[in-house]
Amino acid sequence: MKKLRAFLFIFFINLCSNATASGVLDQVFSVSFSPDGKQALSGHFDFSVKLWDVATGQEIKTFSGHKLFVSSVCFSPDGKQILSGSSDRTVKLWDTETGMEIRTFSGHTSYKTSVCFSPDGKQVLSGSGDRTIKLWDVDTGLEIKTFSGHSSEVSTVSFSPNGEQILSGSQGLFGDGAIKLWDINTGLEIRNF
């Protein structure tokens with residue numbers, strides 16, 4: 001199974017590297033509404049993040065800086081920042097208005113599958129193909145904690161409304177297909193669904 005996964009991943013990355021600017025291979029991997037519902041984000045196969053005006057459908061801005069496709073995007077709770085996760089193993093924090101990259105979070109050893117902000121916007125989560133979830137400090141860019149326990153890639157992550165717990169989900173085709181509930185302070189798994 002590991003050889004098949006490695007082959008498929010390398011095949012997909014090579015396909016991605018051969019994508020043309022004509023949009024023939026353009027795909028959207030992730031979308032998100034701004035908190036006020038007036039703007040939308042999209043993460044693309046062409047390594048970009050795009051900001052859209054929901055009322056007109058017009059592109060407002062393109063955020064460029066990732067080296068592989070963007071698999072996850074989201075807005076901060078106040079809408080002033082954007083988070084993007086990529087198969088280049090990075091999470092990037094952007095200023096929504098200026099389009100400037102604020103910082104890059106690095107530390108996963110495989111592609112990113114999911115990113116999200118905490119309810120207060122002070123922390124971010126990233127899930128990865130390396131089977132871990134990482135908690136990051138937005139202001140410093142430092143890794144706070146790593147959550148380990150999945151036997152396959154972590155495909156989705158989310159904070160509880162009070163920010164004290166997180167949920168993670170993993171793929172079932174090659175792994176556990178589990179949903180896990182974690183305590184954010186201790187880093188311990190509370191429950192496996």
- Query: Within region 28-192, what is the number of lysine pairs with alpha carbons under 12 Å apart, leaving out pairs fewer than eight places apart on the same chain?
  - Reply: 5
- Query: What distance in nm separates the simple spin-label points at residue 80 and residue 193, each placed 7 Å from Cα in the Cβ direction?
  - Reply: 3.3
- Relative packing of 121-128, 94-101, 76-83, which averages over residues the other C-beta atoms within 10 Å, highest first: 121-128, 76-83, 94-101
- Burial-style ranking of 131-139, 85-93, 185-193, average other-beta-carbon count within 10 Å with highest first, yields 85-93, 131-139, 185-193
- Message: Under 8 Å for C-alpha pairs, at least 6 residues apart: give me the relative contact order for region 53-159, rounded to a whole percent.
- Response: 19
- Query: Ranked from highest to lowest mean number of other Cβ atoms within 10 Å per residue, what is the order of the peptides 37-47, 159-169?
  - Reply: 37-47, 159-169
- Note on the structure: Residue separation between residue 186 and residue 120 times 0.36 nm, minus their alpha-carbon distance, gives in nm 21.8 nm
- Query: Relative contact order for the chain using alpha-carbon pairs under 8 Å, separation at least 6, rounded to a whole percent?
  - Reply: 11
- What's the FRET efficiency of residue 162 with residue 26 using the Cβ-Cβ distance as r and R₀ = 45 Å, to the nearest 0.05? 0.70
- Message: If I model a spin label as a point 7 Å beyond the Cα along the Cα-Cβ vector, how far apart are those points for residue 56 and residue 151 in nm?
- Response: 5.3
- Item | Most positive-pole-ward Cα, 68, 54, 79, against dipole of region 51-91 from beta carbon charges | 68
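None of the figures in this text is laboratory data; all of them are computed from the coordinates on show. Because the structure is a prediction, the values reported are computed rather than measured. FYI the Cβ positions are ideal-geometry reconstructions off the backbone, even for glycines, and counts take in every protein chain you see.
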